[in-house]
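A quick write-up on the structure given underneath.
The values are calculated or read from the model by the stated rules, or taken from the named source; none is laboratory data. Source: prediction; values computed, not measured. Glycine gets a Cβ as well: all are built from the backbone with ideal geometry, and neighbour counts include every protein chain shown.
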């Protein structure tokens with residue numbers, strides 16, 4: 001006679017789990033510059049090699065310009081210099 005109550009409890013837990021998980025997972029804003037960097041970083045070492053950067057038409061030709069420390073890689077900070085972002089609440093060029 002324990003089967004129906006256990007089954008009911010299991011079903012209730014399964015039905016409530018997704019909404020509870022959704023409430024605890026905040027939606028973080030997506031940084032499009034970071035997302036592009038992460039996609040280009042195919043070996044996931046946290047930096048872009050010359051070959052990885054060459055696949056990005058807006059970055060490849062300017063690799064030497066962005067590689068400020070001349071180590072042959074672009075860190076995210078160096079990569080971001082090519083994509084200036086206006087502070088929140090302002091317009092670009094203001």
Between 53, 36, 40, which is at pLDDT 90 or above, more than 15 Å from the chain's Cα centre (by Cα) and surrounded by 15 or more Cβ atoms within 10 Å (Cβ to Cβ)?
53
If residue 94 meets every condition in (1) modelled with pLDDT of 90 or more; (2) out of contact with any helix residue (DSSP H, G or I) (no Cβ under 6 Å at 6 or more places or on another chain); (3) assigned to a loop (DSSP other than H, G, I, E, B) apart from one, which number is that one?
(1)
